[in-house]
Each structure stands twice: as structure tokens, then as C-alpha cells.
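*Asks:* One structure, pasted below without further comment.
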Amino acid sequence: CLMAYRLTKDNEYLNVVDLALKGFYVPIEYGGFKRDFNGGLWFEEYPTKTPSYTLNGFIFGIAGLYNFYQNSNNKQIKDLFDESQNTLLKNLEAFKGSFTSYYSKKRPFYFAKDSYHKIHILQLAWMHEVTEEEKYLELSKSFLDVHINNVALNKGLRFKKIKSIKANISKIMGKNQI
């Protein structure tokens, strides 16, 4: 709606944006998507009674705030972005699993499927770009390393992801038997 407003200058689009932004200030129990996460501000992708703390949904939400701030220079929205990204920064390690990222912190914890893990990598790189916080870049690189190169197991053990079935079989059986 913000982009539609920029193209048309029709204030009805801004009214919709204003209504949508109100949800960031309203707690879940009153119909918004604001929730506490370890003493910080969290926005739920799924505003259910039981907290889900979905990582990609939260980052998409705060990315929307940042986009609005960039296009409006609204200080209240910038403050909301800053407060929520600080929550993310303080709780980022909680989303680091041994072989992938966590999709959410709902119990039982849900590991991210490959597609969501890739989204987390990109989102954290973007968070670094807009905030210049090194921790975002470090975790993005860590997630990327685990995704591309190998899988970490408990106690520091690691094994390489299979890159070529044919190459692995030839090592086991000998090149002439393939």
C-alpha cells in the first residue's frame, strides 16, 4: 500500500498502512501481533495463544517497519524497528541449531526446512546491511557454512554433505565398477 500511495498519491492507501502499523503496537491478546520474548519486543507471524516466535516472520515484520521508515522518516516507526531488532540481536543464538537454523522457538522447537534456512541466511545478511551489526553477518555466514559445506553434529563432530553420488561411489567401489 505504501508503494501504491507513492504511485497514486491516493490517501486511502496511507490509511491502510496506518491501520496495519497499529498491529505492531497491540498485544496478541487484543488482536495485534506484539509479544514479549525474553524481555524484548517480538512480532508474531502467527498471533496464536501459544507463542511460536517464528524467526523469518519476525524479520519480515521488522523489514516492513524499516521499509516504512525509509519511505516516511517516521521516528516512531524507527524506534519500533530499533527496539525489535535489539530483541533479535539479543536472542539470535537461540535460533542456531546444530545442522540448521530453528524455524521457531515453539515447543517442541522446529528446525527450519532447507528453504527457510536459506531465507534466514539472506535475512540476517540484510539485517547486517541495514544495522551494521556484525553479529548478524557472523550468524548469516555460519548458517551459510553449515548449509553449503557440512553439517555439525553434537560434540563438534562434522561430516561433509554429499556433493556427488558418483564421486562417492567411485571412492568406495573403484572407478572401473561404476
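*Asks:* Return the subset of Lys96/Lys141; Lys22/Lys49; Lys75/Lys135; Lys22/Lys78 for which the Cα-Cα distance in this structure is over 22 Å, preserving the input order.
*Replies:* With Cα atoms farther than 22 Å apart: Lys75/Lys135.
*Asks:* Take the Cα coordinates of the range 4-115, assign each an equal point scatterer, and use the Debye formula without solvent to give log10 I(q)/I(0) at q = 0.09, 0.14, 0.17 Å⁻¹.
*Replies:* With one equal scatterer per Cα and no solvent, log10 I(q)/I(0) is -0.27, -0.61, -0.85.
*Asks:* Turning to a different aspect of this structure: With all pairs of different alpha carbon atoms counted, what Kirkwood hydrodynamic radius in Å does the range 1-50 show?
*Replies:* For the range 1-50, the Kirkwood estimate is 12.1 Å.
No lab work stands behind these numbers, since they all come straight from the coordinates. Computed from a prediction, not measured in an experiment: that's the story for all the values here.
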